[in-house]
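Okay, structure first, notes after.
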Amino acid sequence: DARVTQTPRHKVTEMGQEVTMRCQPILGHNTVFWYRQTMMQGLELLAYFRNRAPLDDSGMPKDRFSAEMPDATLATLKIQPSEPRDSAVYFCASGQVGQGSYNEQFFGPGTRLTVL
Amino acid sequence: GQSLEQPSEVTAVEGAIVQINCTYQTSGFYGLSWYQQHDGGAPTFLSYNALDGLEETGRFSSFLSRSDSYGYLLLQELQMKDSASYFCAVRDLSTDSWGKLQFGAGTQVVVTP
């Protein structure tokens with residue numbers, strides 16, 4: 001049963017610390033998405049990759065956030081330095097996307113981040 | 001830009017029918033998706049409409065009217081396990097954003113005994 005995995009599932013850290021979140025997309029999927037979910041802002045797209053190339057990271061605060069995909073089995077989202085306003089659930093999703101057809105996104109379980 | 005509107009909350013009793021409406025404004029529309037999310041869980045795909053009309057999948061159906069920029073999700077024979085948030089999402093038509101989804105704020109469905 002293929003699924004997206006994310007680590008860690010929960011993270012509590014202090015303001016100013018670096019946070020790294022990892023995602024393993026479903027094997028064979030060509031597109032990986034990073035979302036952030038909060039009560040106030042809902043589900044926001046931070047960045048996404050197709051065939052490991054970054055397509056759009058306009059939703060991400062550039063000064064502190066960075067997203068990479070070092071290989072096809074790993075996507076990372078880093079926050080440095082973290083701030084209390086970054087507290088949220090961060091979801092990774094993957095899909096096999098092609099123009100002209102719909103492809104659903106498969107979400108991982110999320111990383112619940114709390115910055116004190 | 002894009003914007004989606006859906007009600008914030010709907011309450012209904014077990015066995016009832018609930019319709020969640022979604023209106024959208026987008027510069028490029030490809031299709032309307034629906035996702036379900038239980039408390040503490042991840043969003044999961046329910047349905048997708050690219051063409052006008054009704055798509056039925058078991059107790060859930062989704063409808064789209066492209067001319068009205070409107071769609072809805074219909075939940076029939078409500079069960080307690082259907083208590084969750086339901087999100088509509090629009091797929092961007094831009095060629096450099098294949099698969100990119102813009103999500104609505106979500107509708108909290110509360111099913112009571």
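The values are calculated or read from the model by the stated rules, or taken from the named source; none is laboratory data. Treat the numbers as computed from the prediction; the structure is a model and nothing was measured. A quick note on method: Cβ atoms are made from the backbone with ideal geometry, for glycine too, and the neighbour counts reach across all protein chains shown.
Could you check how many residues of region A:74-116 are among the acidic types (Asp, Glu) and either in a strand (DSSP E or B) or farther than 16 Å from B:ALA89 by Cα (or both)?
Taking region A:74-116 and keeping what is among the acidic types (Asp, Glu), we get A:83, A:86, A:104.
Next, only the ones that are either in a strand (DSSP E or B) or farther than 16 Å from B:ALA89 by Cα (or both) stay: A:83, A:86.
Residues that pass the stated criteria total 2.
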**Report entry** Condition broken by A:MET40, with the remaining ones in (1) in contact with a strand residue (DSSP E or B) (Cβ under 8 Å, 6 or more places away or on another chain); (2) within 12 Å of chain B (Cβ to nearest Cβ); (3) within 18 Å of A:THR111 (Cα to Cα); (4) at pLDDT below 95 satisfied
**Finding:** (1)
Query - The one condition in (1) part of a loop (DSSP other than H, G, I, E, B); (2) surrounded by 15 or more Cβ atoms within 10 Å (Cβ to Cβ) that B:SER33 fails to fulfil - result: (1)
Report summary line: Selection from region B:23-34 of residues closer than 22 Å to A:THR38 by Cβ and facing another protein chain (nearest Cβ under 8 Å) yields B:SER33
Requested in this report: Residues being in contact with a Leu (Cβ under 8 Å, 6 or more places away or on another chain) and either of a type in the set (Ser, Thr, Tyr) or within 18 Å of B:TRP34 (Cα to Cα) (or both): count how many of those fall in region A:57-81.
Outcome: 2
Query - Filtered residue count, region B:6-22, keeping only those that are surrounded by fewer than 17 Cβ atoms within 10 Å (Cβ to Cβ) and part of a loop (DSSP other than H, G, I, E, B) - result: 6
Query raised in the report: Being within 11 Å of chain B (Cβ to nearest Cβ), surrounded by 13 or more Cβ atoms within 10 Å (Cβ to Cβ), under 22 Å from B:HIS38 (Cβ atoms) and among the polar types (S, T, N, Q), is that true of even one residue in region A:5-12?
Result: yes
Query raised in the report: Looking at A:PRO81, A:PRO61, which is the one that is over 16 Å from A:LEU27 (Cβ atoms), surrounded by fewer than 14 Cβ atoms within 10 Å (Cβ to Cβ) and more than 11 Å from the chain's Cα centre (by Cα)?
Result: A:PRO61
Query - Any hit, region B:44-65, residues being free of Cβ contacts under 8 Å to residues at least 12 places away in the same chain, within 11 Å of chain A (Cβ to nearest Cβ) and either under 30 Å from A:TRP34 (Cβ atoms) or surrounded by fewer than 20 Cβ atoms within 10 Å (Cβ to Cβ) (or both) - result: yes
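Suppose we filter A:VAL19, A:VAL115, A:VAL97 for residues that are surrounded by 14 or more Cβ atoms within 10 Å (Cβ to Cβ), of a type in the set (A, V, I, L, M) and within 14 Å of chain B (Cβ to nearest Cβ); which single one remains?
Values: A:VAL19 fails: within 14 Å of chain B (Cβ to nearest Cβ); A:VAL115 fails: within 14 Å of chain B (Cβ to nearest Cβ).
None of the other options fit; the residue is A:VAL97.
Just to check your reading of the model, which residue among A:ASP63, A:ASP56, A:ASP71 is within 14 Å of chain B (Cβ to nearest Cβ), among the acidic types (Asp, Glu) and over 21 Å from B:ALA42 (Cα atoms)? Talk me through it step by step, then tell me what you get.
Details: A:ASP63 fails: within 14 Å of chain B (Cβ to nearest Cβ); A:ASP71 fails: within 14 Å of chain B (Cβ to nearest Cβ).
Checking each option against the conditions leaves just A:ASP56.
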